[in-house]
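Each reported figure results from applying straightforward, stated rules to the coordinates on display, with no laboratory input. Remember, it's a predicted structure, so these values are computed and weren't measured experimentally. Note that each Cβ is placed from the backbone with ideal geometry, even for glycine, and that neighbours are counted across all protein chains shown.
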Amino acid sequence: MINTLQEPIKLPSSLRGRSIHHHIIPTVCNLKNMINKLDSVQGDYAQLKQWEKRSYQAYQIDKIKLAILFATDEQRKSLIKQHILNGSPNEFGASCIDIYLVAYVAETFGPGKTVFFDYIMKSGISEKVNTAQAIWQVGKGDGVYLEILNNDGTIRDWVFFAKWIKGNQY
């Protein structure tokens, strides 16, 4: 999606008071797989693996679980996006904020995995390649699943990001 907003958006390094440089390392479990597993166990949180529980908690899925379980995949994406926009960035865990970090780096420094890894190392987030890989894999994967990021980490849905950045002011 092309940026059709009236004014260009600059992505801040703090998302409504939530630093994108702290507490952003996820367990490598993507949102799509966690949602599919949750569906297969009829919403029974206890049957999720530890890494699936971490993704569940990062997205605060408990608040929208019933709606998610009775929705189609497209409806689920819409529900999750609206849930993210309705919440405070401080309420969400690493997996959710990693989407923003991937977009921030792609739109500020350039797209792609190599640029992202370089940013993770130089910004002091981590010196470990495996950590950079986990952040990239979850952030990009969840963003692509929700149809808000492109495969190179750039923003696909500028309207979503404008709302995410500005909150209720948009």
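Between Thr27, Thr72, Thr131, the Gaussian network model of the chain with springs among Cα atoms under 10 angstrom shows the greatest mean-square fluctuation at Thr72.
Here region 24-169 is treated with +1 on each Lys and Arg Cβ and -1 on each Asp and Glu Cβ, and its dipole about the Cα centre works out to around 120 debye. Once Rg and the Kirkwood radius are both taken over the C-alpha atoms of the chain, their ratio Rg/Rh works out to 0.95.
Dividing the summed -39500 (n - 2.57) terms of all DSSP H runs of n ≥ 4 by the residue count of the chain sets its mean residue ellipticity at 222 nm at -16000 deg cm²/dmol.
What's the center-to-center distance, using Cα atoms, between region 76-154 and region 22-44 in Å? First find each Cα centre; the distance between them is then 15 Å. The mean sequence distance of close C-alpha pairs (under 8 Å, at least 6 residues apart), as a share of the length of the chain, puts its relative contact order at 31 percent. Compute the long axis of helix 129-145 from its Cα atoms, compare it with the longest principal axis of the Cα atoms of the chain, and write down the angle in degrees, 0 to 90, nearest 10. Helix 129-145 sits roughly 70 degrees off the main axis of the chain. The angle separating the long axis of helix 113-122 from the principal Cα axis of greatest extent in the chain is about 70 degrees. Between helix 31-40 and the chain, what is the angle of the helix's C-alpha long axis to the longest principal axis, kept within 0 to 90° and rounded to the nearest 10? With both axes taken from Cα atoms, the answer is about 0 degrees.
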